[in-house]
1. Have a look at LYS21, LYS44, LYS36 and point out the one that is under 18 Å from the mean Cα position of the chain (by Cα) and surrounded by 12 or more Cβ atoms within 10 Å (Cβ to Cβ).
2. Every residue in region 60-74 that is in contact with a helix residue (DSSP H, G or I) (Cβ under 6 Å, 6 or more places away or on another chain) and part of a helix (DSSP H, G or I), please.
3. If a residue has to be under 12 Å from PHE79 (Cα atoms), part of a helix (DSSP H, G or I) and hydrophobic (A, V, I, L, M, F, W, C) to count, how many in region 1-47 make the cut?
4. Report yes if LYS84 is at pLDDT 85 or above, part of a helix (DSSP H, G or I) and either of a type outside the set (Val, Ile, Thr) or exposed (fewer than 14 other Cβ atoms within 10 Å of the Cβ) (or both), otherwise no.
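The values are calculated or read from the model by the stated rules, or taken from the named source; none is laboratory data. Note that the structure is a prediction, hence the values are computed from the model and not measured. Virtual Cβ from ideal backbone geometry, glycine too; neighbours counted across all protein chains shown.
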Amino acid sequence: METFRPPKELNFYKNAVTNRKLFKQQFEIFVTASGKELSSEARKIAMFLNCIGENALEVYNYFNIPDEHLMLSNVYAVFEEYVKPQESLLQDRIIVAVNDEAIQQRLLRDPELTLRKAMDICRAAEISKIQQKTLKMSVQQEETANVDVVRGRKFNPHPGIKTFPNDNG
């Protein structure tokens, strides 16, 4: 008989947004792999509540979902609503922490900004700054080489290291 590993407990203390999404994905894989995807809603909810762990179960118990609305999608929605303020708080912290005023203003102007989008914009800005510095250094080295050629000196690609002519030469 095949057995499949249920997901680890849902953790709200470390990156709740990502953990909730990951837990949902792992739970759905578990349900499908164990052949329970055709089970009743009540059974899938019971499996979900059994897997989420004690802390997440306390969060679930805080919300009163009427029995007529008791579907797995509604249970997922309860947890999504619970972590939404945390996601918004993280997003705000990212905006405040950005050192570049232009990027900060860009983030603030976007009415449809999400946490993922804010992170992507910041990563792209960081990568472009690194590329800009690399390009600038490359151009400066090329300009130095051109000046050295005009002056009749041999170009040293490592300016901090002195080169000495060969004793034979």
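1. Values: LYS44 fails: under 18 Å from the mean Cα position of the chain (by Cα); LYS36 fails: under 18 Å from the mean Cα position of the chain (by Cα).
Sole residue among the options that is under 18 Å from the mean Cα position of the chain (by Cα) and surrounded by 12 or more Cβ atoms within 10 Å (Cβ to Cβ): LYS21.
2. The one that is in contact with a helix residue (DSSP H, G or I) (Cβ under 6 Å, 6 or more places away or on another chain) and part of a helix (DSSP H, G or I): LEU72.
3. 3
4. Taking the combined requirement at face value, the residue does not satisfy it.
Listed here are the residues, each with its yes/no results for (1) assigned by TED's automatic domain parsing to the domain that holds ASN50; (2) in contact (Cβ under 8 Å) with a residue 40 or more places away in the chain; (3) over 15 Å from the mean Cα position of the chain (by Cα).
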{"position": "PRO66", "(1), (2), (3)": "yes, no, yes"}
{"position": "VAL75", "(1), (2), (3)": "yes, no, yes"}
{"position": "GLN86", "(1), (2), (3)": "yes, yes, no"}
{"position": "LEU90", "(1), (2), (3)": "yes, yes, no"}
{"position": "ILE103", "(1), (2), (3)": "no, no, yes"}
{"position": "SER128", "(1), (2), (3)": "no, no, yes"}
{"position": "GLN131", "(1), (2), (3)": "no, no, yes"}
{"position": "MET137", "(1), (2), (3)": "no, no, yes"}
